[in-house]
Amino acid sequence: MEIKVTPAQTNRIRPKDSDLGFGQVFTDHMFVMDYSEGDGWHDPRIEPYHDFSVSPAAMVFHYGQAIFEGLKAYKTPDNNICLFRPRDNFERMNRSAAGMCIPQIDIDFVMDAMKQLIRLEEKWIPQTLGTALYIRPTIIASDPFLGVRASFTYKFFIILSSVGAYYAEGLNPVKIWVSKDHVRAVRGGVGEFKTAGNYAASLIASEKAKKQGYAQVLWLDALERKYIEEVGAMNIFFLIGDELVTPNLTGSILPGITRYSVISLAKRWGMTISERQISIDEVFKAHEDGKLLEVFGSGTAAVISPVGEIRYGDKMILIGDGTPGEISMKFYNALTDIQYGKAEDTENWIEFIE
Ligand SMILES: *Cc1c(COP(=O)(O)O)cnc(C)c1O
C-alpha cells in the first residue's frame, strides 16, 4: 500500500525542552488509515495534524471499543533516531486488537508508516536526557451505530508528542496508595489489553489517592483483594532481600515492555528474579523484617519510578531514605543509556530510523 503524504503548511517551532511537559505538544503531521470489511485496512496517509470529523454515534464514544500503544523515539548524541523495542508494541497492539474484536494490523506496514512519519517530524524530537518523542498509535471503532456489537469500520492513527523529562527535578520516589475498595481489572476481563475502558475504570481510585496526597494507585487482584497487580500505568517490582519480585501475568495485568526489559537485565546481571504472586501482606511483613529494600514501577513514560511510601488502609510504610534506591537507579541508568544510544545495545532492543 502506498502512503499518500500531504505536507503541512506551517513553521511552528518546538517549545524549549524544559517547557514540554508530557503529552501536550503535538507535531505537525499524523498518520491515518481506515478499515472496512470489504477493503480491509486502506487509504493510508500522512496528513497535517487535524481534528477528526466523526459521527456522534461512532461506536467508540458509546461502547469504548478502542485500543492504543505508547512508545518513544530518542535522538542519540550523534543525531541518530532510535526506537526502543517498537515491534513489541505493535505485537501487543495486535493482541489487544484480538481481545477487543478489532481487526489485526500488518506490523511491517505500520512500522514503516511510523518510521516515515517520525522522519518527517525529526525537528520535534528533543535531545536532552529524559526527553523524547512519544508515539501514540491508536485504533477506534467508527461505525455510526447505537447497538452493542463489534464495529465494522475502524480508524487507525499515529500521533506524536514531544515530551519533556518525566522527572523535572530528578528521580524522586513517589508515594503510592493501595486501593481497597476499587479494582482495575479482573482475570478473564480485559486488563491485559491496552484498551480505553481500563483507564476510565481507574479514575475514581486515582482521584481518591490524589486527594490524600498519593501520586499513584497500587492495584490488588479483584478476587481476593490480596495480591499485587500493578501501579497506575506501570508494572511493579519489589526487592526483598536479594530476590527481585514482580507479579506474574495472570490476565488482569498489562504486560509491560519495560517490565520484560527489567526482567531481562536482572537475569543478565545474575540477580534472583521471580515472577510470582506477591501479596500486600508479604510486602508489609518484609518491611517489618527489614527485608524490603526497594520498590519501583516500570513503564515507557517514566522508565523506572522509585516508590518511597506505600499506604494500605491505616498502615503506612516508608521505603529507603527518601532518595531512589541503588538497584532502581541501576535499572534506570541501564535502560536510558541503551535508549539514548549511550551504551551498547546488548539485548538488540534498539531499532534505528534510517
Ligand atoms: C502501558 C502500561 C504499562 C507499561 O507498559 P510499557 O510497555 O512498559 O510502557 C503498565 N500498566 C498499564 C496499565 C499500562 O497501560
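Since every read-out is calculated from the coordinates, none of them should be taken as a lab result. Here the structure is a predicted model, which is why all the values come from computation and not from measurement. Here the Cβ positions follow ideal geometry from the backbone for every residue, glycine too, while neighbour counts run over all protein chains shown.
With the radius of gyration and the Kirkwood radius both derived from the Cα set of the chain, what is their ratio Rg to Rh?
My calculation of the ratio gives 0.97.
Please state, to two decimals, what the Cα-based radius of gyration of segment 72-124 comes to when divided by 2.2 N^0.38 Å (N = residues). Provide the component values of the computation, followed by the final result.
Numbers: Rg = 13.2 Å, N = 53, 2.2 N^0.38 = 9.9 Å.
Compared with the compact-globule rule of thumb, segment 72-124 sits at 1.33.
Please check: in the Gaussian network model of the chain (C-alpha springs, under 10 Å), which one of Gly313, Gly322, Gly341 has the largest mean-square fluctuation.
Gly313
How much mean residue ellipticity at 222 nm does the chain get from its helices, if each DSSP H run of length 4 or more adds -39500 (n - 2.57) and you divide by all residues, to the nearest 500 deg cm²/dmol?
When only DSSP H runs of four or more count, the value is -7500 deg cm²/dmol.
At q = 0.10 Å⁻¹, what log₁₀ I(q)/I(0) does segment 4-163 have when each alpha carbon counts as one equal point scatterer in the Debye sum?
With no solvent term, the Cα-only Debye profile gives -0.38.
Nearest 10 degrees, 0 to 90: what angle lies between the long axis of helix 326-339 and the longest principal axis of the chain (Cα atoms)?
Taking Cα atoms only, the helix is inclined about 20 degrees.
If we count every other residue with Cβ under 13 angstrom of Met33's Cβ, Lys/Arg +1 and Asp/Glu -1, where does the sum land?
That works out to -4.
Could you pull out every one of the aspartates and glutamates with an alpha carbon less than 17 Å from that of Lys180, ignoring same-chain neighbours closer than 8 positions?
By straight Cα distance, Lys180 reaches Glu207, Asp221, Glu224, Glu229, Glu230, Asp281, Glu282, Glu309, Asp314.
Ordered by residue, what ³J(HN,Hα) values in Hz, to whole numbers, does segment 104-119 give under the Karplus form 6.51 cos²θ - 1.76 cosθ + 1.60, where θ = phi - 60° and Gly and Pro are x?
Rounded to whole hertz, the list is 5, 9, 8, 4, 4, 5, 6, 4, 5, 4, 4, 5, 4, 5, 5, 4.
Which Rg and Dmax, in Å, describe the Cα atoms of segment 1-79?
16.4, 48
Between Asp106 and Asp17, what length comes free when the chain is fully extended (0.36 nm per residue of separation minus the Cα-Cα distance, one decimal in nm)?
Answer, rounded to one decimal: 28.6 nm.
Once you treat every alpha carbon in segment 174-339 as an equal point and sum by Debye, what is log10 I(q)/I(0) at q = 0.08, 0.12, 0.16 Å⁻¹?
Ignoring solvent entirely, the Cα scatterers give -0.21, -0.48, -0.89.
Once you list every other residue whose beta carbon is under 9 Å from the beta carbon of Pro255, what net charge do they have if Lys and Arg are +1 and Asp and Glu are -1?
Details: positive: Arg92, Arg95, Arg259; negative: Glu192.
Within the 9 Å Cβ shell, the charges total +2.
If each residue of separation counts as 0.36 nm, what is the full-extension length gain between Ala150 and Thr6 once their alpha-carbon separation is subtracted?
That works out to 48.7 nm of additional length.
How many percent of all Cα-Cα pairs in segment 150-195 sit more than 15 Å apart?
Summing the P(r) tail past 15 Å for segment 150-195 gives 76 percent.
For every other residue with a beta carbon closer than 14 angstrom to the beta carbon of Ala57, add +1 if it is Lys or Arg and -1 if Asp or Glu, then tell me the sum.
Every neighbour counted, the sum reads 0.
So between Asp321 and Arg187, what do we pick up on full extension, going 0.36 nm a residue minus the alpha carbon distance?
Residue separation times 0.36 nm, minus the Cα-Cα distance, leaves 44.7 nm.
Checking the cross-link filter: which lysines have an alpha carbon closer than 18 Å to that of Lys330, excluding same-chain neighbours under 8 positions apart?
Of all the lysines, those that pass the test against Lys330 - Cα under 18 Å, at least 8 places apart if same chain - are Lys267, Lys342.
Among the listed pairs Lys210/Lys285; Lys194/Lys315; Lys208/Lys315; Lys75/Lys123, give every one whose C-alpha distance is greater than 20 Å.
Table pairs above 20 Å Cα-Cα are Lys210/Lys285; Lys194/Lys315.
Sorted by packing (mean other beta-carbon atoms within 10 Å per residue), highest first, where do 186-192, 294-300 land? Before the final figure, lay out each step's value.
Details: 186-192: 17.3, 294-300: 25.7.
Going from most to least packed, we get 294-300, 186-192.
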